[in-house]
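Visitor: Mind looking over this structure? Questions follow.
The values are calculated or read from the model by the stated rules, or taken from the named source; none is laboratory data. Keep in mind that this is a model prediction, so the values were computed, not measured. Cβ placement follows ideal geometry from the backbone for every residue including glycine, while neighbour counts extend to all protein chains displayed. All accessible areas refer to the heavy atoms of the entire protein, side chains included, with ligands and DNA or RNA removed. Shrake-Rupley method; radii C 1.70, N 1.55, O 1.52, S 1.80 Å.
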Amino acid sequence: MLDENRKHPSIWRHRDFLLLWGGQTVSEMGSQVTILALPLVAVVLLEASAFQVGLLSAAETSAYLLVALPAGAIVDRVPKLRLMIWCNLALFLVIGSVPLAHAVGALTLAQLYAVALVSSVFSVFFSVAYQSYLPVLLDRDQLMDGNGKVAVSGSVAQIAGPSLGAGLVALVGAAGAMAADALSFALSAGSLTAVRTREPRRPAAEADRRRPRLWAQIREGLSYVTRDPILRNSVAFNGTANFFVIMVETLGPVFLIRTLHLRPALVGLLLALGAVGGVAGGVAARYLARKVGSARISWISMTVLSLPGLLIPLAGHGWWVLLFGFGWISWTFASTVAGVSLTTYRQAACPPDMLGRVSAAARWITWGTLPLGGVAGGALATALGVRTTLWIAVTGGCCAGLWLFFSPLRGMRDIPLGRPEPELAGGLP
């Protein structure tokens with residue numbers, strides 16, 4: 001039976017969607033806080049080297065490369081809401097072990113590596129599950145609005161979360177930030193537990209008879225991504241951008257603390273400026289898409305609006321440190337604007353019964369580069385220095401937008417949001 005809220009034309013009055021959206025936003029924010037808070041714990045409390053911080057960053061994001069593909073197929077087989085709740089509870093315990101170990105004087109780098117790896121696995125399963133659960137809650141005419149809101153909050157969380165982590169370190173210390181991070185996952189689990197809508201059940205015999213093998217489902221999701229020309233270029237862009245952006249996120253605290261000798265409190269405030277760009281991008285995305293065109297703004301934002309990001313390695317002592325903040329704002333604004341349009345296309349164009357597999361395949365490509373970028377950043381910083389590595393990172397990040405420029409998007413005003421016809425998903429013209 002459909003939830004009564006589905007009768008309302010506006011999803012702002014849809015109780016279960018608001019609970020899901022709130023839980024997803026809090027969980028995504030917590031995951032992104034971890035991405036920066038853990039390296040700051042390593043730098044501030046354990047005096048980790050640049051290479052050790054790079055390895056920690058790789059461990060934090062390694063699950064995207066290792067388990068994202070099977071996660072999509074598994075998510076399509078199990079109750080998604082229950083899976084999301086259990087993932088949040090597990091993250092509460094895993095992340096909470098860090099401040100507990102610090103309180104008793106037993107915190108080590110080995111534990112941080114283990115926490116980073118395990119938490120990344122649960123984060124992958126959660127992120128794939130919530131995107132696939134959305135069509136259960138919303139009617140077809142509400143999906144675009146819901147997808148847009150989820151895409152905006154996810155993009156903002158990806159940008160604002162690490163900045164929030166730095167701010168928490170400044171306010172309550174590195175261990176305190178991890179305690180607040182753990183609490184966010186408990187709050188998210190509570191929000192999702194209050195959702196009433198359940199997925200329709202198929203008879204067990206029918207489900208087993210119709211269910212393809214796990215590898216066949218994985219291959220199907222990858223095939224869909226690589227056949228669709230817009231989706232293929234968008235994941236190539238995101239994968240390239242993430243490879244270089246993770247270098248800045250990983251080495252930014254090292255650069256600001258050890259090269260520019262800033263106090264952790266000032267580092268937190270400076271990195272928190274990234275949230276300004278992310279929020280502004282999320283708010284402006286729909287307006288810019290309407291005025292400029294959703295296809296045009298996706299590549300314009302990443303080839304033009306992101307160029308001030310080149311100022312990041314120019315930051316110096318005194319007021320010159322603000323160049324880092326200004327460059328970071330431009331990057332977060334541009335990437336959020338592009339991300340809203342591209343993520344909405346994937347969710348709207350993909351058949352609902354394949355959302356888990358396609359989302360996982362896209363994330364395997366786009367986020368699978370994160371651990372590679374973390375290791376590369378740490379190795380390059382050790383060999384060439386932190387500032388030189390930042391130059392490589394910002395240059396590569398700005399060039400990532402060329403994937404969108406040299407794609408079908410350049411010949412369009414707006415990104416098509418209908419299901420693509422089979423003959424249109426064959427490759428670049």
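Visitor: Looking only at the stretch 259-275, filter to residues that are buried (at least 18 other Cβ atoms within 10 Å of the Cβ) and part of a loop (DSSP other than H, G, I, E, B); which one of those is modelled with the highest pLDDT?
Guide: LEU260
Visitor: Just one of GLY316, GLY309, GLY293 is at pLDDT 75 or above and farther than 30 Å from VAL43 by Cβ; which is it? Please lay out each step first, then the result.
Guide: Working: GLY316 fails: farther than 30 Å from VAL43 by Cβ; GLY309 fails: farther than 30 Å from VAL43 by Cβ.
GLY293 is the lone residue from the list that is at pLDDT 75 or above and farther than 30 Å from VAL43 by Cβ.
Visitor: Which condition does ALA59 not pass, out of (1) over 25 Å from ALA110 (Cβ atoms); (2) out of contact with any Asp or Glu (no Cβ under 7 Å at 6 or more places or on another chain); (3) open to solvent by less than 20 Å² (accessible area, probe 1.4 Å), if it passes all the others?
Guide: (1)
Visitor: Another question, then. Quick check, is PHE326 part of a helix (DSSP H, G or I), of a type in the set (A, V, I, L, M, F, W, C), within 15 Å of the chain's Cα centre (by Cα) and modelled with pLDDT of 85 or more?
Guide: no
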